[in-house]
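Quick one: structure below, then a few questions.
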Amino acid sequence: MFEKKDYVIRINGLKNGENDFQILIDRKLFEEFECEEAQDVDIKLSMRVTKTEKMIKIDFSFVGNMQLTCGRCLSLIPFEINKQTNLYIKFGEKREEVDAEQWIVPEGENEIDLLSYIYEELRIEIPISPVHEDEKDCDQEMLNRLKTNNSSDEKGEDEINPIWEKLKELKIKQ
């Protein structure tokens with residue numbers, strides 16, 4: 001069950017040194033951001049949070065699978081996630097995101113919300129237009145339907161819908 005609090009690390013609850021956390025990510029994370037591309041999401045996120053007096057380092061390890069919709073045939077494609085990344089959080093005067101791998105949080109901050117960061121790290125792994133590597137793996141019935149519809153559209157280009165013809169006549173009269 002998706003809960004935002006699972007993506008929040010309480011700084012004052014961390015001991016100095018290494019702290020390990022795990023989150024099971026499902027489709028609900030993507031639904032939270034209204035992302036419909038990812039289906040059947042099953043990803044295990046392991047986080048090693050290393051706290052020192054001046055900084056927190058978080059090592060992320062994403063391992064799992066999701067289903068994506070093929071842009072060619074609209075069937076589902078299995079997509080594997082195996083990604084490691086790091087986030088460095090330094091303590092300073094004001095909250096600031098220096099870059100994708102470095103944040104500054106105020107010294108008295110009690111929590112670090114990682115929800116958006118985790119979503120964005122997974123989101124950039126999804127191809128812009130996922131398709132089966134080999135067209136033979138696509139749903140052949142759907143491909144045939146698309147080819148049939150496209151060829152019938154091309155044949156009808158010369159024929160003009162009577163409604164549009166009437167509108168053209170009105171435009172010419174003015």
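Scan LYS83, LYS5, LYS57 and give me the residue that is in contact with a helix residue (DSSP H, G or I) (Cβ under 9 Å, 6 or more places away or on another chain), more than 30 Å from LYS147 (Cα to Cα) and of a type in the set (D, E, K, R).
LYS83
Let me spell it out: the conditions are (1) modelled with pLDDT of 85 or more; (2) surrounded by 12 or more Cβ atoms within 10 Å (Cβ to Cβ), and GLU133 meets all of them except one. Which number is the exception?
All conditions are met except number (2).
Quick check: anything in the stretch 8-17 touching a residue at least 12 places away in the same chain (Cβ under 8 Å) and under 28 Å from ILE126 (Cα atoms)?
Yes, the stretch 8-17 contains at least one residue that is touching a residue at least 12 places away in the same chain (Cβ under 8 Å) and under 28 Å from ILE126 (Cα atoms).
So which residues in the stretch 57-74 are on the phi < 0 side of the Ramachandran plot and part of a loop (DSSP other than H, G, I, E, B), if there are any at all?
The answer is CYS70, GLY71, ARG72, CYS73.
For the stretch 30-49, name all the residues that are over 18 Å from PRO78 (Cα atoms), part of a helix (DSSP H, G or I) and touching a Leu at 6+ places or on another chain (Cβ under 9 Å).
GLU32
Something else about it: Find the residue count for the stretch 1-29, including only residues that are over 13 Å from the mean Cα position of the chain (by Cα) and either under 30 Å from PRO78 (Cβ atoms) or not charged (D, E, K, R) (or both).
20
Inside the stretch 5-29, can you point out the residues that are of a type in the set (Lys, Arg) and assigned to a helix (DSSP H, G or I)?
Residues satisfying the conditions are LYS5, ARG27, LYS28.
If I filter the stretch 113-127 for residues that are within 17 Å of CYS35 (Cβ to Cβ), surrounded by 15 or more Cβ atoms within 10 Å (Cβ to Cβ), modelled with pLDDT of 85 or more and β-branched (Val, Ile, Thr), do I get at least one hit?
yes
Condition test on PHE79, is it surrounded by 15 or more Cβ atoms within 10 Å (Cβ to Cβ), touching a residue at least 40 places away in the same chain (Cβ under 8 Å), part of a strand (DSSP E or B) and aromatic (Phe, Trp, Tyr)?
In short, yes.
Read through the list (1) touching a strand residue (DSSP E or B) at 6+ places or on another chain (Cβ under 6 Å); (2) aliphatic (A, V, I, L, M); (3) in contact (Cβ under 8 Å) with a residue 40 or more places away in the chain, then give the number of the only condition that LEU29 fails.
Going through (1) touching a strand residue (DSSP E or B) at 6+ places or on another chain (Cβ under 6 Å); (2) aliphatic (A, V, I, L, M); (3) in contact (Cβ under 8 Å) with a residue 40 or more places away in the chain one by one, LEU29 breaks only (1).
Listed here are the residues, each with its yes/no results for (1) of a type in the set (D, E, K, R); (2) surrounded by 13 or more Cβ atoms within 10 Å (Cβ to Cβ); (3) at pLDDT below 95.
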position	(1), (2), (3)
ARG10	yes, no, yes
GLN39	no, yes, yes
ASP42	yes, yes, no
ARG48	yes, yes, no
MET66	no, yes, no
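Residue check, THR148 against (1) buried (at least 16 other Cβ atoms within 10 Å of the Cβ); (2) assigned to a helix (DSSP H, G or I); (3) β-branched (Val, Ile, Thr), all met but one. Which one?
Of everything listed in (1) buried (at least 16 other Cβ atoms within 10 Å of the Cβ); (2) assigned to a helix (DSSP H, G or I); (3) β-branched (Val, Ile, Thr), THR148 misses just condition (1).
Then there is this: Report whether or not LYS94 is basic (Lys, Arg) and either under 20 Å from GLU120 (Cα atoms) or in a strand (DSSP E or B) (or both).
no
The values are calculated or read from the model by the stated rules, or taken from the named source; none is laboratory data. Since the structure is predicted, the reported quantities are computational estimates derived from the model, not experimental observations. Because the Cβ atoms are built from the backbone with ideal geometry, glycine has one as well, and the counts that use them run over all protein chains shown.
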